[in-house]
Amino acid sequence: MELKKGTNRFYMLDGDKEIGEVTFTEDPPTVLSINHTFVDSNYRGKGIAQQLIQAVVALAMNNQKRIKPVCSYAQALFKRNKDYAAIEYHE
């Protein structure tokens with residue numbers, strides 16, 4: 001499986017098949033909002049969604065941005081993972 005970056009999204013490929021994605025919007029100047037996370041039902045339970053979210057977290061950290069978890073999966077992951085507290089955006 002291969003992680004790729006597109007315009008305002010990261011996606012995971014298994015060969016030529018796209019099996020998951022996370023989309024985000026840039027809310028200048030300092031916030032990335034995670035809007036949608038999806039993993040093909042045949043690939044769920046393998047940590048792919050978490051890898052996709054982690055890619056957005058790394059992008060935010062490398063660019064001194066914060067993250068606003070909007071989609072339900074991102075919200076749940078941010079609640080479970082206290083390491084994300086420092087990068088989470090609060091209005």
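Where a number appears in this text, it was derived from the coordinates with a stated rule and is not lab data. Computed from a prediction, not measured in an experiment: that's the story for all the values here. Reconstructed Cβ throughout: ideal geometry from the backbone, glycine too, with neighbour counts over all protein chains shown.
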Considering each of I67, I53 in turn, give the residue that is farther than 19 Å from P28 by Cα, buried (at least 19 other Cβ atoms within 10 Å of the Cβ) and among the β-branched types (V, I, T). I53
Among the numbered criteria (1) within 11 Å of the chain's Cα centre (by Cα); (2) free of Cβ contacts under 8 Å to residues at least 12 places away in the same chain; (3) surrounded by 14 or more Cβ atoms within 10 Å (Cβ to Cβ), which one does A58 miss? (3)
Need the failing condition index for I53 against (1) more than 19 Å from E2 (Cβ to Cβ); (2) of a type in the set (A, V, I, L, M); (3) not in a strand (DSSP E or B), just the number. (1)
Quick check on this structure: which one of F78, F24 is within 25 Å of M1 (Cα to Cα), buried (at least 16 other Cβ atoms within 10 Å of the Cβ) and touching a Phe, Trp or Tyr at 6+ places or on another chain (Cβ under 7 Å)? F78
